[in-house]
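These notes concern the structure reproduced below.
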Amino acid sequence: MQDIYISGGAMTPFGRHPGVLAPELAQQAILKAMDDAGVSPHDIQAIYCANVLGGMILGQLIVRDLGFDGIPVYNIENAC
């Protein structure tokens, strides 16, 4: 088994964000977490996006403009 490490973390503030779409909030948290970990998009080997009712390919939609080219994006959807 290969060791897995979480090197950074971040979140956006709880509350209402008028005019800001959920993918934008996710992008903000992703960029802050990468900054916290001191990594670039080229250091990331895979992306996992978990959501409820976010729609198909949500992970791909969230990260498409962040420079994560050629790595797998896994979408996990669950409800109840």
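One residue stands out in segment 2-24 among those that are surrounded by fewer than 10 Cβ atoms within 10 Å (Cβ to Cβ) and of a type in the set (D, E, K, R): the one that is farthest from Leu53 (Cα to Cα), namely Asp3.
Among the residues of segment 57-74, just one is buried (at least 18 other Cβ atoms within 10 Å of the Cβ) and of a type in the set (Gly, Ala, Ser), namely Gly59.
A single member of Asn78, Asn51 is in contact with a Leu (Cβ under 6 Å, 6 or more places away or on another chain) and at pLDDT below 90, and it is Asn51. Residue by residue through segment 40-56, note down the ones that are open to solvent by 50 Å² or more (accessible area, probe 1.4 Å) and either hydrophobic (A, V, I, L, M, F, W, C) or more than 24 Å from Glu77 (Cβ to Cβ) (or both). His42, Asp43, Ala50, Val52, Leu53, Met56, listed by residue number.
If a residue must be of a type in the set (Val, Ile, Thr) and either part of a helix (DSSP H, G or I) or under 17 Å from Gln28 (Cα atoms) (or both), how many such residues does segment 45-62 contain? If you could, list the steps in order and put the result at the bottom.
Residues of segment 45-62 that are of a type in the set (Val, Ile, Thr), as a first pass: 47, 52, 57, 62.
Checking the rest, the ones that are also either part of a helix (DSSP H, G or I) or under 17 Å from Gln28 (Cα atoms) (or both) come to 47, 62.
Of the residues in that region, 2 qualify.
Could you tell me whether segment 22-38 includes any residue that is in a loop (DSSP other than H, G, I, E, B) and of a type in the set (A, V, I, L, M, F, W, C)?
Quick first cut of segment 22-38, residues in a loop (DSSP other than H, G, I, E, B) only: 38.
Of the ones still in play, those that are also of a type in the set (A, V, I, L, M, F, W, C) are none.
For segment 22-38, residues in a loop (DSSP other than H, G, I, E, B) and of a type in the set (A, V, I, L, M, F, W, C): absent.
For Ile6, the requirement of being within 10 Å of the chain's Cα centre (by Cα) and more than 21 Å from Ala79 (Cβ to Cβ) is not met.
Over 12 Å from the mean Cα position of the chain (by Cα), assigned to a helix (DSSP H, G or I) and on the phi < 0 side of the Ramachandran plot: which single residue out of His42, His17 fits that description?
On the way: His17 fails: assigned to a helix (DSSP H, G or I).
Exactly one residue qualifies, and that residue is His42.
The values are calculated or read from the model by the stated rules, or taken from the named source; none is laboratory data. All of these numbers come straight from a predicted model, not from anything done at the bench. Glycine also receives a Cβ, built like all others from the backbone with ideal geometry; neighbour counts cover every protein chain displayed. Surface areas here come from the heavy atoms of the whole protein model, side chains and all, with no ligands, DNA or RNA. Shrake-Rupley method; radii C 1.70, N 1.55, O 1.52, S 1.80 Å.
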